[in-house]
1. Would you mind finding the one in F177, F193, F146 that is buried (at least 23 other Cβ atoms within 10 Å of the Cβ) and either free of Cβ contacts under 8 Å to residues at least 24 places away in the same chain or not basic (K, R) (or both)?
2. Would you please name the residue that is nearest to G234 (Cα to Cα), looking only at residues in segment 260-286 that are free of Cβ contacts under 8 Å to residues at least 24 places away in the same chain and not in a helix (DSSP H, G or I)?
3. Would you mention how many residues in segment 257-278 are more than 12 Å from A200 (Cα to Cα) and crowded, with 20+ Cβ neighbours inside 10 Å?
4. Please find, within segment 291-323, the residue that is surrounded by the fewest Cβ atoms within 10 Å (Cβ to Cβ) out of those that are within 14 Å of C222 (Cβ to Cβ) and either more than 22 Å from the chain's Cα centre (by Cα) or modelled with pLDDT under 95 (or both).
5. Looking at F206, F232, F193, F177, can you tell me which residue is aromatic (F, W, Y) and under 23 Å from D253 (Cβ atoms)?
6. Please identify the pairs in which a residue from segment 30-53 that is touching a residue at least 60 places away in the same chain (Cβ under 8 Å) has its Cβ atom under 6 Å from the Cβ atom of a residue that is assigned to a loop (DSSP other than H, G, I, E, B), counting only partners at least 6 apart or on another chain.
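The values are calculated or read from the model by the stated rules, or taken from the named source; none is laboratory data. This one's a predicted model, so the numbers in the text were calculated from it and none came from an experiment. Please note: Cβ atoms are built from the backbone with ideal geometry, for glycine as well, and neighbour counts cover all protein chains shown.
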Amino acid sequence: MIVVDENDPIGEIEASFPYRDVQLKKGSISRDIYDISSEELGRGTYGTVYLCKEKTTGLQLAAKYVKVTCKEDRRNMEREIEIMSGLHHPRIIQLYDAYDDGSTIVCVLELIQGGELFERVIEEDYVLTEKACTIFIRQICEGVDFLHSRDILHLDLKPENVLCLSREGNRIKLIDFGMARRYDPTKQLQILFGTAEFVAPEIVNFDAISYCTDMWAVGVICYVLLSGLSPFMGDTDIDTMTNVTLCKYNFDDDAFNQVSECAKDFVQQLLQKEGTKRLTTQGALNHPWLIDSAFNTELHVTKTKLKRYVIKKRWIKAVNTIIALRRMGAKIDLDLV
Ligand code: PIT
């Protein structure tokens, strides 16, 4: 049985490599330097991640392979590497090395072995309390606070991009800087991407985005973690985005019966239609929900609903993988003709 240890809520000491600045090297990843295992750690829209080891030191790492088929792909990866190489913080995945062989870019990354946060908390032996939720959300806010202090917007905060460092402790790290942008407050930045469930009203409306755009996503993640329900989810992405623009959500479901008023206040202060009214990272870190730690109720209902949520996501991911593979298959067939 895994419960939160009051004296060591996050668990484990820091244990990665010394921070280093990375530049993209021309050529394939050196097999003299790294052993790349066939063991897949993860697969996502970002590419495929394999277990990898630095031969001389035995340091275990992760190698992310991304196919670059056009100039835009390469520009996106170059931007991601440029952004990541300057981000040194315990709540942010660290970049170790990067190679570009002309058709694939390989990023050698810090190894994170605990899997996705939501997969971890739905396990039978994990006791999900409101206190545990505060520990995770606090760390997400710390990571985002660091990004914002460096004028970086993540712009794709969602449960899949929050990984647990190990299966025992409660330490998390944020991954996937594929959509991250440097923010210049003097310039207007508009974007047309993201995941419908987590995008803020200003993205749907193609209005100017800012630090507050990430905070909306933190509010959605927190709502899902506390209830297993997705606040704006509709039958289609269009329905979902309509609910987002109307800021149409509530805490009426039974899943919220055991949730404290303080937690609801925290979420409500993040899910504000108007960005300027949302909590900033500092506002969130100073909210009573993340400061006082008296909320130790077990969230029974949540686990049932959260399990359903995670299993549904697994299915969607599997179907998308099949579609992607079939598309690749179709291309191979065409190539052979
Ligand atoms: C790991 C283990 C794992 C997934 C990853 C790393 C993925 C990291 C990642 C980092 C990025 C990105 C996409 C994925 O854009 O299961 O050690 O910066």
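1. On the way: F193 fails: buried (at least 23 other Cβ atoms within 10 Å of the Cβ); F146 fails: buried (at least 23 other Cβ atoms within 10 Å of the Cβ).
None of the others qualify; the one that does is F177.
2. E274
3. The initial filter retains those residues of segment 257-278 that are more than 12 Å from A200 (Cα to Cα), namely 257-269, 276-277.
Narrowing further to those that are crowded, with 20+ Cβ neighbours inside 10 Å: 259, 263, 266-267.
So the count comes out to 4.
4. Kept after step one, since they are within 14 Å of C222 (Cβ to Cβ), are these residues of segment 291-323: 295, 299, 302, 306, 309.
With the extra rule that they be either more than 22 Å from the chain's Cα centre (by Cα) or modelled with pLDDT under 95 (or both), the set shrinks to 295, 299, 302.
Working: F295: 18, L299: 26, T302: 26.
So, considering only residues that are within 14 Å of C222 (Cβ to Cβ) and either more than 22 Å from the chain's Cα centre (by Cα) or modelled with pLDDT under 95 (or both), the one surrounded by the fewest Cβ atoms within 10 Å (Cβ to Cβ) is F295.
5. F232
6. Sorted first by the residue in segment 30-53, then by its partner, the pairs are Y46/D176; Y46/G178.
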